[in-house]
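Taken together, the values in this text are just the output of simple stated rules run on the coordinates, not laboratory data. Given the structure is predicted, the values throughout are model-derived calculations rather than measurements. Because the Cβ atoms are built from the backbone with ideal geometry, glycine has one as well, and the counts that use them run over all protein chains shown.
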Amino acid sequence: MSKRQTFLILIILFSLLFVALIALGSYWLSLKTLPERQFGIAAFLFAFAAAFGQIGSLAMYIRHIAREKAQRQMMNQNNEL
């Protein structure tokens with residue numbers, strides 16, 4: 001598997017994790033007992049961590065594409081000489 005595919009899979013994984021944690025957190029917050037509400041708050045905090053993971057994976061993906069493009073341009077310049 002290439003780096004490009006790995007970054008795309010990570011983006012999808014963190015996106016699904018974010019959605020699942022938001023849904024789970026909202027369900028737990030709807031319950032009125034104290035332990036479930038604490039779990040709901042924890043789920044929301046982990047959802048924010050998943051969002052940061054998603055943003056980080058997207059940044060790494062964009063950086064990888066930019067590096068590939070720069071390498072192709074350098075190879076084209078070397079071939080023209």
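Some points to look at:
- Pairs of Cα atoms nearer than 8 Å and 6+ residues apart set the relative contact order; for the chain it is 37 percent.
- The helix-based estimate of mean residue ellipticity at 222 nm for the chain, built from -39,500 (n - 2.57) per DSSP H run of four or more residues and divided by its residue count, is -34000 deg cm²/dmol to the nearest 500.
- Using the Cβ-Cβ distance between ILE55 and SER30 with R0 = 35 Å, the FRET efficiency computed as 1/(1 + (r/R0)^6) comes to roughly 0.80.
- Summarising the label geometry, the points placed 7 Å from Cα in the beta-carbon direction at PHE44 and ASN78 lie 5.3 nm from one another.
- The stretch 2-35 and the stretch 47-81: distance between their alpha carbon centers, rounded to Å: 25
- Assigned charges on the beta-carbon of Lys, Arg, Asp, Glu; the chain dipole about Cα centre (debye): 80
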